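Note sheet for the following structure.
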Amino acid sequence: MKILVCVKRVPAPGAKINVTADGSDVDAAHLGFTTSPHEECAVEGAVQLVEEHSGEVTVLTLGPGESEEQLRYAASVGAAHGVLVEVDGNGWDPQRTAAALTTAIEGIEAERGRFDLILFGNESADAGGFQVGVRVARALGRPMVQGIKGIEASGDGSGEGTITARREIDGGFEVYEIPRPAVLGVMEGLNLPRYPTMKGRLASKKIEIAKLAGHADEGGQSRITLHRPEEAVSETVILGTGAEAAAAVVDVLDELGVL
Amino acid sequence: MLLVILEHEDGVLVEAAREALTFGRTLAEKMGEDLEAALIGSGEDSLVEAAGQYGAETVHVAAPVELTDYSPDAYGSIVAQMVESLEPDAVLACGSSRGNEVMAQAAARLDAPFVANSLDATPGDDWLITRVQWGGSLLEDVTLEADTPLLTCGLHSVASEPGDEQNPDVEEFDAELDASDLITMVKDRVVQEAGVTLPTAPVVCGGGRGVGSADGFGQLEELATLLGGRVGCSRAVTNLGWRPHSDQVGQTGTRIAPEIYIASGISGAIQHWVGAMASKHILAINTDREANMVVKADWAVIGDLHEVVPAIIEEVKRRKA
Ligand SMILES: Cc1cc2nc3c(=O)[nH]c(=O)nc-3n(C[C@H](O)[C@H](O)[C@H](O)COP(=O)(O)OP(=O)(O)OC[C@H]3O[C@@H](n4cnc5c(N)ncnc54)[C@H](O)[C@@H]3O)c2cc1C
């Protein structure tokens with residue numbers, strides 16, 4: 001089973017997200033970077049499918065050169081190949097991103113054959129555009145479903161056959177059964193991603209990352225600025241220290257009528 | 001004309017659709033245009049009537065017989081067909097899981113831009129839109145250059161409110177679907193959970209890394225049960241395997257809106273906070289007076305949750321006795 005996972009490098013902020021002085025981007029000067037959580041689960045999901053059915057996982061990202069770190073991380077937990085579509089900065093709009101990824105995927109498939117399954121995160125953790133995967137699937141002419149938290153492949157997972165996918169809704173889930181080759185937008189909760197082993201880490205240093213230059217026309221959405229929402233600042237009332245505070249806590253619960 | 005795509009379930013206009021119409025009324029007014037609505041998959045009277053209560057003057061109904069359940073491809077295709085033949089000035093849906101998916105599918109077919117999760121939109125030659133990033137931790141101002149602007153409003157970004165009641169005209173929309181549009185139709189539905197769910201629980205007892213173990217959640221379970229609520233947790237906890245992901249509160253988990261959120265041993269990272277901030281009240285229990293959760297809470301207890309939570313349980317039992 002040949003699976004492609006598209007991931008995005010995003011900053012990992014703590015208590016607050018700061019914006020650069022000109023408002024053009026997140027101020028990541030003191031931040032670490034990570035893979036969007038949905039996509040971490042997508043990588044794990046792909047690795048599990050390949051462990052079950054045999055095959056291999058390729059990871060693809062569009063981003064700055066440093067995104068190689070996220071591709072190597074994916075390799076450390078089981079991906080076999082990494083492809084980086086290198087672009088300046090982080091501000092590509094969704095149409096442009098999708099067009100460049102589509103071109104990259106067509107190129108990879110022309111060389112190495114068609115992917116049975118392509119996974120995206122449901123939305124990126126930062127921009128949250130909810131559309132890149134859908135646009136790529138459409139451009140490739142493949143069925144695509146978003147919001148997926150469960151994946152199974154029929155037969156040996158490759159060539160003709162189906163993908164069964166589960167989507168959580170309030171109080172239950174929907175089941176989709178779509179023919180391969182298919183595309184899914186997955187969400188955290190699909191699985192619990194493994195941590196890299198020492199062996200995985202060493203192996204990930206050695207994999208070759210193919211680099212492509214990103215070219216695509218700009219889409220119709222362009223950023224003017226980023227800013228933080230206004231927040232109501234409230235004074236915290238300290239009800240007490242340790243177990244002694246219990247009576248005051250229950251007074252509050254009583255007042256709110258939740259006792 | 002502003003066309004609002006309405007989400008519905010079992011003959012009921014879901015809350016997201018009511019929000020879209022509420023947002024749409026303000027937007028249509030700014031545009032100086034009429035507010036019309038679209039129902040896909042069903043044109044039941046109850047749905048048309050509800051759309052009228054929220055101000056829709058005309059309701060377009062596309063219900064091809066072969067479309068027996070939700071399908072992102074079919075729904076996206078129908079919205080794209082509506083853009084082409086009804087020629088709306090803009091199309092709006094609510095940014096629910098489905099709303100964003102359907103609009104993305106339509107945009108992909110039309111090769112047009114789509115702006116997800118808007119909070120405010122100013123029509124013009126180029127539209128000016130404020131939208132959500134980072135699940136609500138940041139906002140982005142964008143310009144949108146499009147023949148027909150396609151957008152969603154952020155889920156729960158407006159409170160739904162009925163408008164000047166209309167008795168809408170119903171227009172049948174003749175949608176053409178081919179077999180490929182039906183490939184992604186829902187095959188089966190499984191009902192899993194009855195009773196209070198995390199998004200609707202009146203009390204949520206949340207635990208973070210400070211709880212220390214999977215077993216440590218026993219006390220939070222007990223407190224939640226006593227208060228008729230549910231247990232929630234942070235991503236640190238799901239990553240450690242102490243709780244299932246369905247308990248996770250936050251950007252990549254569930255958004256909660258209880259009467260009170262009791263957050264124990266949770267630092268209050270921004271991605272957790274965006275899932276908790278719709279809570280009416282927040283009580284933090286933490287050893288660290290400076291933790292973000294404590295700073296942002298209405299009330300806090302400073303101390304070890306392993307001492308504080310059992311004491312609260314005892315006190316609740318005593319008063320209930
Ligand atoms: C893109 C992205 C998306 C994310 N999405 C989510 C999400 O949806 N939900 C989410 O929760 N996180 C999310 N995170 C992770 C988030 O950034 C934090 O890492 C996480 O919320 C921290 O969990 P925590 O508060 O339990 O742990 P910590 O930050 O380690 O905090 C533990 C707290 O417990 C307190 N404590 C310790 N011992 C005790 C004790 N005995 N008694 C009382 N207090 C004690 C400490 O003082 C501290 O405040 C996301 C991260 C990224 C990058």
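The values are calculated or read from the model by the stated rules, or taken from the named source; none is laboratory data. This is a predicted model, so every value here is computed, not measured. As a convention, Cβ positions derive from the backbone with ideal geometry for all residues, glycine included, and neighbour counts pool all protein chains shown.
Data overview
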read-out	value
Which numbered condition A:T102 fails, given (1) within 14 Å of chain B (Cβ to nearest Cβ); (2) crowded, with 24+ Cβ neighbours inside 10 Å; (3) more than 16 Å from the ligand (Cβ to nearest atom)	(2)
Some residue of the stretch A:199-220 being at negative phi, at pLDDT 95 or above and at the interface with chain B (Cβ under 8 Å from one of its Cβ atoms)	yes
Among (1) out of contact with any Asp or Glu (no Cβ under 7 Å at 6 or more places or on another chain); (2) surrounded by fewer than 24 Cβ atoms within 10 Å (Cβ to Cβ); (3) under 27 Å from B:T184 (Cβ atoms); (4) in contact (Cβ under 8 Å) with a residue 24 or more places away in the chain - the single one B:V61 does not satisfy	(1)
Residue match in the stretch A:11-20 (condition: in contact with a strand residue (DSSP E or B) (Cβ under 9 Å, 6 or more places away or on another chain), in contact (Cβ under 8 Å) with a residue 40 or more places away in the chain, more than 14 Å from the ligand (Cβ to nearest atom) and more than 14 Å from chain B (Cβ to nearest Cβ))	no
Residue within the stretch A:216-233 that is over 28 Å from the mean Cα position of the chain (by Cα), surrounded by fewer than 17 Cβ atoms within 10 Å (Cβ to Cβ) and under 21 Å from B:D288 (Cα atoms) present	yes
Residue satisfying all of: in the stretch B:233-242; within 9 Å of the ligand (Cβ to nearest atom) and of a type outside the set (A, V, I, L, M, F, W, C); surrounded by the most Cβ atoms within 10 Å (Cβ to Cβ) among these	B:S234
Checking B:G229 against (1) free of Cβ contacts under 8 Å to residues at least 60 places away in the same chain; (2) at negative phi; (3) within 15 Å of the ligand (Cβ to nearest atom), the condition it does not meet	(3)
Complete set of residues in the stretch B:184-226 that are more than 30 Å from A:V183 (Cα to Cα), without any contact (Cβ under 8 Å) to a residue 40 or more places away in the chain and of a type in the set (A, V, I, L, M)	B:A194, B:V196, B:A214, B:A224
Boolean, B:G124 is closer than 15 Å to A:A127 by Cβ and not hydrophobic (A, V, I, L, M, F, W, C)	no
Helices (runs of 4 or more DSSP H) fully within the stretch B:227-321 counting 2 or more residues that are within 30 Å of A:G121 (Cβ to Cβ)	B:235-239, B:270-276, B:292-296
In the stretch B:262-311, the residues that are of a type outside the set (G, A, S), within 26 Å of the chain's Cα centre (by Cα) and more than 11 Å from the ligand (Cβ to nearest atom)	B:I262, B:M277, B:K280, B:H281, B:I282, B:L283, B:K296, B:D298
Single match in B:K320, B:K296 (criterion: more than 20 Å from B:V196 (Cα to Cα), surrounded by fewer than 19 Cβ atoms within 10 Å (Cβ to Cβ) and at the interface with another protein chain (Cβ under 8 Å from one of its Cβ atoms))	B:K320
Which listed residue, of B:V170, B:V196, B:V186, B:V142, is at pLDDT 95 or above and within 27 Å of B:D247 (Cα to Cα)	B:V186
Condition met for B:L220 (touching a Leu at 6+ places or on another chain (Cβ under 8 Å), at pLDDT 95 or above and among the aliphatic types (A, V, I, L, M))	no
Subset of the stretch B:243-261 [in contact (Cβ under 8 Å) with a residue 12 or more places away in the chain, more than 6 Å from the ligand (Cβ to nearest atom), facing chain A (nearest Cβ under 7 Å) and not acidic (D, E)]	B:S246, B:I260
Sole residue being of a type in the set (V, I, T), more than 7 Å from every other protein chain (Cβ to nearest Cβ) and either buried (at least 21 other Cβ atoms within 10 Å of the Cβ) or free of Cβ contacts under 8 Å to residues at least 12 places away in the same chain (or both), chosen from A:V145, A:V183, A:V175	A:V183
Hits in the stretch B:13-50 (condition: more than 16 Å from B:L119 (Cα to Cα) and in contact with a helix residue (DSSP H, G or I) (Cβ under 7 Å, 6 or more places away or on another chain))	B:L13, B:D34, B:L35, B:A37, B:A38, B:L39, B:I40
The stretch A:21-44, residues that are of a type in the set (G, A, S), more than 10 Å from the ligand (Cβ to nearest atom), over 10 Å from the mean Cα position of the chain (by Cα) and away from chain B (no Cβ under 11 Å)	A:A21, A:A28, A:A29
Any hit, the stretch A:202-222, residues being over 30 Å from B:I129 (Cα atoms), out of contact with any helix residue (DSSP H, G or I) (no Cβ under 9 Å at 6 or more places or on another chain) and assigned to a strand (DSSP E or B)	yes
Complete set of residues in the stretch B:165-223 that are in a strand (DSSP E or B), in contact with a helix residue (DSSP H, G or I) (Cβ under 6 Å, 6 or more places away or on another chain) and within 14 Å of another protein chain (Cβ to nearest Cβ)	B:C205
